[in-house]
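**Q** For reference, the structure I am asking about is given below.
The values are calculated or read from the model by the stated rules, or taken from the named source; none is laboratory data. Bear in mind that the values here come from a model prediction, so they are computed numbers and not experimental data. Please note: Cβ atoms are built from the backbone with ideal geometry, for glycine as well, and neighbour counts cover all protein chains shown. All accessible areas refer to the heavy atoms of the entire protein, side chains included, with ligands and DNA or RNA removed. Shrake-Rupley method; radii C 1.70, N 1.55, O 1.52, S 1.80 Å.
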Amino acid sequence: PGIELVPLPEGIELPPEDGEGFAAIALEKARAAHAATGEATIADDSGIGAVALGGRPGIHSARYGGEGATDEQNLEKLLREVAAAGGERGAYYTCALALVEADGSEHVFEAECHGRLIERPRGEGGFGYDPVFVPEGEERTVGELGDGWKSQQSHRARSARALREALDRSGLVAS
């Protein structure tokens with residue numbers, strides 16, 4: 001017993017990612033998928049925030065360097081702006097998972113992973129900002145830590161765990 005996750009059918013348009021925050025964007029996507037399918041839906045939104053930049057790039061993480069920017073261009077812009085802002089290196093990843101149940105009930109599970117940005121990328125693993133993000137308690141970047149660390153400790157892992165615990169409590173998933 002359990003829940004089967006299936007991809008969203010082709011042709012369903014999700015709303016633009018321009019909400020007030022990660023939770024709002026994830027919830028809008030889950031609502032749109034629920035409206036189109038009538039099924040329980042899960043959607044997410046995530047990104048990175050730099051303390052020196054007041055939380056930017058935040059919801060704009062994927063396109064921080066402009067529409068069509070590569071991961072490298074986004075990362076370079078972030079590092080350039082953090083350095084120009086005085087060098088405070090604190091940062092955090094955020095992930096929001098939204099669940100809209102078949103009956104329309106809504107839930108959001110949001111988690112963060114705090115750490116610091118280093119000046120030059122290290123590591124071949126991960127994507128996006130992973131090569132410059134060192135999580136609290138670690139000496140290596142997420143790009144160096146690998147998928148095992150990410151599946152257990154990342155912002156996504158933490159929000160997924162919270163979702164799983166809620167589903168377990170609801171009786172929708174057998175532990």
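**Q** Residue under question is residue 50, and the condition is that it be under 21 Å from residue 143 (Cα atoms) and open to solvent by 20 Å² or more (accessible area, probe 1.4 Å); does it hold?
**A** no
**Q** Hey, another quick one. Go through the range 59-104 and report how many residues are closer than 30 Å to residue 166 by Cα, in contact with a strand residue (DSSP E or B) (Cβ under 8 Å, 6 or more places away or on another chain) and not in a strand (DSSP E or B).
**A** Number of matching residues: 5.
**Q** Those residues that are at pLDDT below 85 and surrounded by fewer than 14 Cβ atoms within 10 Å (Cβ to Cβ), I need them from the range 162-175; list them, please.
**A** 168, 169, 170, 171, 174, 175
**Q** If you check residue 159 against the conditions, is it polar (S, T, N, Q), surrounded by fewer than 20 Cβ atoms within 10 Å (Cβ to Cβ) and either out of contact with any Pro (no Cβ under 8 Å at 6 or more places or on another chain) or more than 27 Å from residue 52 (Cα to Cα) (or both)?
**A** Numbers: polar (S, T, N, Q): yes; surrounded by fewer than 20 Cβ atoms within 10 Å (Cβ to Cβ): no; either out of contact with any Pro (no Cβ under 8 Å at 6 or more places or on another chain) or more than 27 Å from residue 52 (Cα to Cα) (or both): yes.
Spelling it out, it is not the case that residue 159 is polar (S, T, N, Q), surrounded by fewer than 20 Cβ atoms within 10 Å (Cβ to Cβ) and either out of contact with any Pro (no Cβ under 8 Å at 6 or more places or on another chain) or more than 27 Å from residue 52 (Cα to Cα) (or both).
**Q** How about the range 1-20: which of its residues are closer than 23 Å to residue 170 by Cα and surrounded by 10 or more Cβ atoms within 10 Å (Cβ to Cβ)?
**A** The one that is closer than 23 Å to residue 170 by Cα and surrounded by 10 or more Cβ atoms within 10 Å (Cβ to Cβ): 3.
**Q** For the range 94-130, name all the residues that are under 15 Å from residue 150 (Cβ atoms) and open to solvent by less than 20 Å² (accessible area, probe 1.4 Å).
**A** Once the filter is applied, which keeps residues that are under 15 Å from residue 150 (Cβ atoms) and open to solvent by less than 20 Å² (accessible area, probe 1.4 Å), the range 94-130 yields 94, 95, 111, 113, 115, 128, 129, 130.
**Q** Could you pull out the residue among 23, 36, 84, 30 that is touching a residue at least 60 places away in the same chain (Cβ under 8 Å), open to solvent by 20 Å² or more (accessible area, probe 1.4 Å) and not polar (S, T, N, Q)?
**A** 23
**Q** Let me ask something else about it. Do you know which residues across the range 131-150 are open to solvent by 40 Å² or more (accessible area, probe 1.4 Å) and of a type in the set (Gly, Ala, Ser)?
**A** The answer is 137, 148.
**Q** Please verify whether residue 63 is surrounded by fewer than 20 Cβ atoms within 10 Å (Cβ to Cβ), within 30 Å of residue 86 (Cβ to Cβ) and basic (Lys, Arg), treating the condition exactly as stated.
**A** Yes; evaluated as a whole, the condition is true for this residue.
**Q** Give the residues of the range 100-119 that are aliphatic (A, V, I, L, M) and within 19 Å of the chain's Cα centre (by Cα), sorted by residue number.
**A** Correct list: 100, 108, 111, 117.
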